[in-house]
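Every number here is computed from the coordinates shown, using simple stated rules; none is lab data. Computed from a predicted structure; not experimentally measured. Cβ: placed from backbone, ideal geometry, glycine included. Neighbour counts: every protein chain shown.
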Amino acid sequence: MTKKETIKNYLLNQTTQIDSRIKSYIFDKDGKYNEKRDVFFRLKEYIDSFLKNNSDPRWIIMPGLRGVGKTTLLAQLYNSIDSNIKKIYISADRVIGTLETSLNEILTNYEELIGSSFEKLEKPLFIFLDEAQYDPKWGIVLKTIYDRSDKIFIITTGSSALDLGANSDIARRAIFENIYPMTFGEYINIKYKIKSHESIDKLKQEIFFSNSAQELYDVIESRKTKINEYWSKVDQNEINKYLKYGTLPFTIKFKNEGLIYDQIIKIIERIINLDIKNFFNFKNETISQLSKIIYALSNTDVISISKFAGIFNINKETLFQIMESLEKTQILNKIYPHGSNYSQIKKPSKYLFLSPAFRSAYFNTIGNSLDELNYMGRLLEDTVGLYLYKFLKTKPATSFTYDNAQSGADFIVTIGDQKIIFEVGTGSKDARQIMNTAKKVKAKYGINISNNELSLDVTNNIVNIPINYFLIFN
């Protein structure tokens, strides 16, 4: 069979059998539709607007950490489009790895299959491309296709490294919708089909935009009935499962925790050996050190570059590049120390895991020097860091840092000229760190997330928010 015939057979199979292949992403084990994440509905609005008005944007790029459910989201979007509308679903990893061809060859042959060049299309065509980073020329190929017809709508997914392969030409044409690890609310909704009341969801805004601790406390207090109704349906033990691995959607289908952690370690290995290796110019001996460095990071958060460089016998410049690669591929969430740009360079940064499941996997497969309480505390801090990162990423004039002074607070969120202090802990926790930091930065108010009851410290302008409350404000 010639290569052209192989490609043609692949395309025929894709158009006739794709619906059955994506069923596992669309339906649960009982044959019911899987619940959809919030991002699905935002993206569906772009699709509907295009079909109704032929409007932009008509190229969506969805980068994200491996394991966060991008393929499921792509399958759900594909399935949401009426079957009488022309659409094609391409898995780049299969095209490159199995067929040993390219995205350009696939799309050229697809034109022949549909009997029309893209320029002559009279009706909409949707191109769904999964794992785009497997073709190093994905950007230029899709840019060319995009420019050839305004009837084409493209949806592209890939690992976080997809951002690294984009250029200004792509950025002018496409919108980027980063897919993040799940919030607790998404985890419970997908696992048990239980949603929180919309009045609870709105509390996310109140966390950041209340005028005082009193105002924030009052609005949370007024929602206590709805919050308690939610928790009457949800087992509190789900909190620990979520913190350990529930931020990654694929883990919901697994019953065996050992298998879950094995899969998470494999994800980390793929990020190292595919994404980082292909996008960063590291020597093989450096690549071989990355897993050990990540493991070492799972035991700590604030690191000294000089100390780590000495431990691993790596020069500081290379270690800076390694940390940058782990940040850009979204293994790590870098939190700068609070202060001027100069002081941020001099002082150590805090490195959290964007998904606490990564820290948890190392703790449960290799071991860890932390006791259980401190270990869960680190996972909670990762999770709060994820919530802050996700919420603030698209907000202008915002940032979040940490106070690196002894007994300083975990997070300082800056919105415009206002500052909010966050302290995080899994046990019963006092507010000394918040008070220490709040005085220095003249904070609007402080938030203490712990196992304490909901309460208000009027004197120090601090709201104590229970962990189970904060997790559902998503």
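Toward the positive end of the charge dipole of region 3-179, about the Cα centre and with charges on Cβ (Lys, Arg +1; Asp, Glu -1), which of PHE176, SER49, LEU99 goes farthest?
Sorting the options by dipole projection puts first SER49.
If you average the alpha carbon positions of region 135-163 and of region 233-256, how far apart do those two centres end up, in angstrom?
Region 135-163 and region 233-256 have Cα centres separated by 34 Å.
Hey, can you grab everything whose amide H is under 5 Å from the amide H of ILE90? Only 5+ residues off in sequence or another chain; H modelled, so Pro and N-termini drop out.
Those lying under 5 Å, H to H, from ILE90 are PHE128, LEU129, ASP130.
Label points 7 Å out from Cα along the Cβ direction at SER83 and SER168: separation in nm?
In this crude label model, SER83 to SER168 measures out at 4.7 nm.
From the residues GLN205, TYR336, ASN315, which one has its Cα farthest along the dipole of the chain in the positive direction, the dipole being from +1 and -1 charges on Cβ of Lys/Arg and Asp/Glu about the Cα centre?
In the chain, that residue is ASN315.
For labels at THR6 and ALA296 in the simple 7 Å Cα→Cβ model, what's the distance in nm?
4.4
Could you tell me how far the Cα centroid of region 6-75 sits from the Cα centroid of region 272-335, in Å?
Result: 33 Å between the Cα centres.
For ASN278 and GLU100, what does the FRET efficiency come to when R0 = 22 Å and r is the distance between their Cβ atoms, rounded to the nearest 0.05? The partial results should precede the final answer.
On the way: r = 17 Å, r/R0 = 0.79.
The calculated FRET efficiency here is 0.80.
Once the Cα atoms of region 3-179 are picked out, what are the Rg and Dmax in Å?
Rg and Dmax of region 3-179, Cα atoms, are 15.3, 45 Å.
Which length gain, in nm to one decimal place, applies between ASP262 and GLU206 when the Cα-Cα distance is subtracted from 0.36 nm times their residue separation? Please report the intermediate quantities before stating the final value.
Details: separation 56, 0.36 × 56 = 20.16 nm, distance 3.86 nm.
Length difference between fully extended and current span is 16.3 nm.
Once you list every other residue whose beta carbon is under 11 Å from the beta carbon of ASP430, what net charge do they have if Lys and Arg are +1 and Asp and Glu are -1? Please list the in-between numbers first.
Values: positive: LYS429, ARG432; negative: GLU423, ASP457.
Neighbour charge sum, excluding ASP430 itself: 0.
In deg cm²/dmol and to the nearest 500, what is the mean residue ellipticity at 222 nm of the chain if only DSSP H runs of at least 4 residues count, each as -39500 (n - 2.57), divided by the residue total?
Working: 24 runs with 227 residues, N = 474.
Here the helix-only value at 222 nm equals -14000 deg cm²/dmol.
Sticking with the crude label model, points 7 Å out along Cα→Cβ, report the distance from LEU392 to ILE305 in nm, one decimal please.
So the label points at LEU392 and ILE305 sit 2.1 nm apart.
Taking the Cα centre of the chain as origin, work out the dipole magnitude from +1 charges on Lys and Arg Cβ and -1 charges on Asp and Glu Cβ, in debye rounded to 20.
Numbers: 63 positive and 55 negative charges, 56 e Å.
I would put it at about 280 debye.
Quick one: order THR225, THR247 by neighbouring beta-carbon count within 10 Å, fewest to most.
On the way: THR225 11, THR247 29.
With the sparsest Cβ surroundings first, the list reads THR225, THR247.
Neighbour counts of other C-beta atoms within 10 Å: give me MET182, MET435 arranged from fewest to most. Kindly include the intermediate steps, with their values, before the conclusion.
Values: MET182 26, MET435 20.
So the residues, fewest neighbours to most, are MET435, MET182.
How do LYS137, LYS241, LYS442 rank when sorted from fewest to most other Cβ atoms within 10 Å of their own Cβ? Display every interim value, and only then the final one.
On the way: LYS137 12, LYS241 16, LYS442 9.
The most exposed by this proxy come first: LYS442, LYS137, LYS241.
Looking at the P(r) of the chain, how many percent of alpha-carbon pairs lie beyond 32 Å? Intermediate results must be reported in sequence, preceding the final value.
Details: 50077 of 112101 pairs.
For the chain, the fraction of Cα-Cα distances above 32 Å is 45 percent.
With the cut-off at 29 Å, tell me which of the pairs LYS316/LYS419; LYS32/LYS226; LYS8/LYS283 have Cα atoms farther apart than that.
Values: LYS316/LYS419 33 Å; LYS32/LYS226 27 Å; LYS8/LYS283 39 Å.
Beyond 29 Å: LYS316/LYS419; LYS8/LYS283.
Can you list the lysines whose alpha carbon sits under 16 Å from that of LYS86, skipping same-chain ones fewer than 8 residues off?
Those lysines meeting the cut-off are LYS52, LYS120, LYS123, LYS151.
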